[in-house]
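Since the structure comes first, as C-alpha cells, the remarks are kept for the end.
Derivation of every value follows stated rules applied to the coordinates shown; laboratory data play no part. Owing to the predicted nature of the structure, the values given are computational and were not obtained by experimental measurement. A quick note on method: Cβ atoms are made from the backbone with ideal geometry, for glycine too, and the neighbour counts reach across all protein chains shown.
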Amino acid sequence: MYKKILYPISFDEFSLDVLSCVLHLKKVGAKEIVLLHVIDTAKLPMDKYEGYNAADIKKLSKIAELKMTDAVKMIEGVGLKAKKIIETGIPYREILRVAAKEKVSLIASGKQKRGIIGEIFTGSTTDKLIRYGGIPVYIPKHPAVFGGDKGKCVKYCEIPFGRVLYPTDWSVCAETALEYIKGLKNNGVEEIITAHVMDEKAMKMLTPKKLKEFWNTDKEKLESVKHDLEKQGFKVKLHIRIGKPNTDIIRIAKEENTSLIIMGSHGKGYVKGILWGSVARNTVEYSDRPVLLVSCKK
Ligand code: ATP
Ligand code: MN
C-alpha cells in the first residue's frame with residue numbers, strides 16, 4: 001500500500017529530520033521515496049516582457065540537485081530507492097501533478113515549523129494538498145520540530161502504525177477515513193482506538209434526559225464502528241466523552257499512547273471554501289503524534 005511515497009522537500013530547518021521519520025514507513029512496505037523540489041515561480045524575479053529568466057531557473061535547479069544529495073544518501077542508506085525530481089511552478093500544483101504521475105499512495109508533509117506558542121505550522125502548500133489533493137497526507141511530527149524530548153517522541157514515528165486513534169464525528173469524511181483504515185490490515189496495526197467527543201457547548205443546552213439519549217445514540221454508533229472493524233480482524237477499543245473535540249482528541253491520543261491519528265480532513269461542519277476543518281487542523285498543529293489525514297475532495 002505504501003510502496004511509493006512522495007516527499008516534497010523544501011530544504012528548510014527540519015527537512016532531513018522529517019525525512020528520517022518518513023523512512024520508517026519502510027516497515028509498512030515502502031520501497032521508493034520520490035523527492036520533489038519545486039522552484040516556486042512566485043518567488044522568482046520576473047521580467048515584465050520576458051517572464052522568468054531561464055538562467056535563474058537553471059541555477060536554482062543545480063542548487064536543489066546538490067542539496068538533495070544528503071536526502072538521497074539517507075534514503076539509500078536504509079535500503080530504499082530514491083528518485084529526484086525538480087520542477088518549476090506553483091508548489092502544490094506541481095506536487096499534485098507529480099503525485100498523480102508517479103502514482104504515489106501517500107504524500108509526506110515535510111514543511112513544518114514551530115510557532116511561538118508551540119503550534120506546528122503546516123504551511124500553505126500542505127493546506128492546499130489536503131484540500132485539493134484527494135491523496136492522504138502524512139504529517140510525521142519529528143521531535144526536532146517541537147524541540148521536545150527527542151528520544152521519547154521519536155518513538156511515535158518509529159512505529160508508523162501500532163496504536164491508531166480514529167476520531168469520528170460520523171461525517172461522510174470521517175467514514176472515508178474509516179474505509180481507509182480498513183485497508184490497513186497488514187500494516188502493523190496493533191489496536192484501533194475509536195473515539196467520539198460530544199461537544200460540551202452543544203450538550204449544555206440539553207436536559208439531562210436528552211443528554212442521556214444523545215449519549216446512548218453516540219455510544220451505539222461507536223459500538224457499531226467497533227464491530228465493523230472487529231469484523232475486519234482488528235483489535236478495537238472505544239472512547240466516548242463530553243468535552244471539547246479539539247483538546248480531547250489530543251488528550252485521548254496521549255492517554256492511549258497512540259502512535260498515529262488517522263482522521264478526515266473535514267467533518268460535519270464542512271463549509272464550502274474552507275481549506276480543512278478546525279478539529280483536524282488543531283490536531284495537526286498541537287498533537288505530538290503523527291497524523292494521517294484522509295483528504296476528502298469535494
Ligand atoms: P469545523 O468543525 O471546523 O466546522 P469540519 O467539521 O468540516 O469543520 P473537523 O471538525 O475538523 O471538520 O473534522 C475533521 C475530522 O475530525 C473528522 O473527519 C473526524 O475525524 C474528526 N472529528 C471532528 N469532530 C470530532 C468529534 N466531535 N469527535 C471525534 N472526532 C471528530
Ligand atoms: Mn467539525
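Structure values in brief
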quantity: Kirkwood hydrodynamic radius over Cα pairs of the chain, then Stokes diffusion coefficient at 20 °C and 1.002 mPa s, in µm²/s; calculated: 106 µm²/s
quantity: Theoretical FRET efficiency, 1/(1+(r/R0)^6), r = Cβ-Cβ of E13 and V271, R0 35 Å, to 0.05; calculated: 0.55
quantity: Value of [θ]222 nm, deg cm²/dmol, for the chain, DSSP H segments ≥ 4, -39500 (n - 2.57) each, nearest 500; calculated: -13000 deg cm²/dmol
quantity: Shape of the range 197-279, Cα gyration tensor, a/c cut at 1.5; calculated: oblate
quantity: Relative packing of peptides 225-232, 167-174 - highest average C-beta neighbours within 10 Å first; calculated: 167-174, 225-232
quantity: Fraction of beta bridges assigned by DSSP in the range 1-140 that are antiparallel (%, nearest 5); calculated: 20 percent
quantity: Packing rank of 28-34, 288-294, 127-133, where each peptide gets the mean count of other beta carbons within 10 Å, highest leading; calculated: 288-294, 127-133, 28-34
quantity: Long pairs among K67/K128; K103/K226; K4/K84; K204/K268; K185/K231; K3/K101, criterion Cα-Cα beyond 21 Å; calculated: K67/K128; K103/K226
quantity: Stokes-Einstein diffusion coefficient of the range 194-244, Kirkwood radius over Cα pairs, 4 °C, 1.567 mPa s, in µm²/s; calculated: 111 µm²/s
quantity: Likely footprinting exposure, F161, F14, F214, fewest C-beta neighbours within 10 Å first; calculated: F214, F14, F161
quantity: The range 1-49: C-alpha gyration tensor shape, a/c 1.5 cut-off, then a/b vs b/c; calculated: oblate
quantity: Given charges at beta-carbon only (K, R positive; D, E negative), |dipole| of the chain in Debye; calculated: 340 debye
quantity: Residue-span extension gain [S278 to L211] - 0.36 nm each, minus C-alpha spacing; calculated: 21.7 nm
